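Colleague: Please see the structure below; I have some questions.
No value in this document is a laboratory result; all are computed from the given coordinates. Please read these numbers as outputs of a predicted model, since none were measured by experiment. Using ideal geometry, Cβ is built from the backbone for each residue, glycine included, and neighbour counts are taken over all protein chains shown.
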Amino acid sequence: MSKRIYTSVAIVLTLALLFVLKVYVSDLFFDVFFTIVACFAVFEMSKLFIKIGRYHFHWVVTISPIFIFAGNLLGIYFCETTKNLFWVLYTILIDLAIMVVIAAFSFLYCILFKKKTLNEIAVRKIKDGLFKFSFKKALNTFVCLVYPSFLFLFFILVNHIGELPLEKLDGMGIYPSVFLLLTAILIPMITDTFAMLMGQLFKGKKLCPKISPYKTISGAIGGVVWAVLVCACIYLVFGCIEAFQGFLGIFPIWAYLIVVALGSCVSQVSDILESLIKRRANVKDSGRILPGHGGMLDRIDSYILVAPFVLLAFWICLL
């Protein structure tokens, strides 16, 4: 338990330092941090996929967050220079195009290096033929690129949301992105913590016993309630800071708390999804890189779907 606490403190201090660097130096520190985290997470996801028999190009997907990171920065650059809001959508399309190209090259590689592919089929005792196995391997590679790399790296877009060419955000600088990024990080953190505490306190019926036997309905509800309460307090505190008043003035608390409540539900779905994959792979933890927490994927599982949700929700609210 002490290892878990020490690791949690180290994570919180790292995030605090990154926010300081974001405010006083550059957004890129968070961008690089998210990319490194995604590399570790997709490495662990790749191993889980191999355990359940979904073979793919392991090292290609492991470094894939670097390509998605580059695609995001390219889209953000054009969004700033062209003042075109639709470059956010173009950024997502750039990322998808990168993943499709990687998957296509994976398929071609299997076909071109036929002897090597057939040898892999024989070693793994797979009944599929050359083309079917090659297609499946390319498809599994694409899935690993999407989850968790592509979805988690929406955090980079959230990190730069203040740079969107929206009239409502004119003159507000980095403050919208600071507030939204903090929210996106806190929603899963608060939800996970209080879902565990409320579940231990009230116990009751299991939420999904076949997938995650320790999760309870009381814990799930408690996680949402506490996420809303804590974020409401944070909203009120930031509302007292002059630099944030302009942004919060166009973003009412009722809309904010609806987003938080839904985001809390999304984070729990995201957590359960990773638990389902681990259950299929018959492992407890995705890795051991974080003492007391398991793997990097175990730590960020509830964040993977939250990042795109928060971006979409706040974008809709701000339009």
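Colleague: Pick from Phe238, Phe179, Phe107: which is most flexible by mean-square fluctuation in a GNM of the chain where alpha carbon atoms under 10 Å apart are linked?
Modeller: Looking only at Phe238, Phe179, Phe107, the biggest GNM fluctuation is shown by Phe238.
Colleague: Then there is this: Net charge near Ile156: determine it from the other residues with C-beta under 13 Å of the C-beta of Ile156, scoring Lys and Arg +1 and Asp and Glu -1. Mind dumping the intermediate values first?
Modeller: Details: positive: Lys22; negative: Asp27, Asp31, Asp95, Glu163.
Local net charge: -3.
Colleague: How big is the C-alpha Rg of region 188-269 next to the rule-of-thumb value 2.2 N^0.38 Å, as a ratio? Let's see the in-between values first.
Modeller: Working: Rg = 14.9 Å, N = 82, 2.2 N^0.38 = 11.7 Å.
Normalised Rg, Cα atoms only: 1.27.
Colleague: Ok, one more. How large, in Å, is the chain by the Kirkwood hydrodynamic radius built from its alpha-carbon pairs?
Modeller: Numbers: mean 1/r = 0.0479 Å⁻¹.
This gives a value of 20.9 Å.
Colleague: Count the lysine pairs in region 103-202 whose Cα atoms lie under 30 Å apart, taking only pairs 8 or more positions apart in sequence or on different chains.
Modeller: Lysine pairs meeting the criterion: 19.
Colleague: With a 10 Å cut-off between alpha carbons and a GNM built on the chain, which of Met198, Met45, Met99 moves the most?
Modeller: Met198
Colleague: Sticking with this structure for a sec: Longer than 23 Å from Cα to Cα, which of Lys206/Lys284; Lys210/Lys284; Lys3/Lys51; Lys3/Lys203; Lys51/Lys284; Lys51/Lys205 are they? Say none if no pair is. Mind showing how you got there, number by number?
Modeller: Values: Lys206/Lys284 18 Å; Lys210/Lys284 13 Å; Lys3/Lys51 28 Å; Lys3/Lys203 25 Å; Lys51/Lys284 13 Å; Lys51/Lys205 31 Å.
Violating the 23 Å Cα-Cα cut-off are Lys3/Lys51; Lys3/Lys203; Lys51/Lys205.
Colleague: Next question, about the same structure. Enumerate the amide H contacts of Thr216 below 5 Å, restricted to partners 5 or more residues apart or on another chain; note that Pro and chain-start residues carry no placed amide H.
Modeller: Leu207
Colleague: Please list the helices of the chain that count as membrane-span-like by this rule: a mean Kyte-Doolittle hydropathy of at least 1.6 together with Cα atoms stretching 27 Å or more along the helix axis, each helix being a complete DSSP H run.
Modeller: Working: long enough: 2-24 (33 Å, 1.45); 28-51 (35 Å, 1.69); 58-82 (37 Å, 1.16); 87-112 (36 Å, 2.35); 175-202 (38 Å, 1.55); 217-239 (33 Å, 2.20); 253-281 (42 Å, 0.99).
Sorted by number, the helices that extend far enough and score high enough are 28-51, 87-112, 217-239.
Colleague: Would you mind giving the average projected area, over all directions, of the Cα convex hull of region 250-319 in nm² with one decimal? Walk me through the numbers on the way to the answer.
Modeller: On the way: hull surface 21.8 nm².
Projected over every direction and averaged, the Cα hull of region 250-319 covers 5.4 nm².
Colleague: Any chance you could check the Cα centroid distance between region 189-228 and region 84-126 for me, in angstrom?
Modeller: The distance from the Cα centre of region 189-228 to that of region 84-126 comes to 38 Å.
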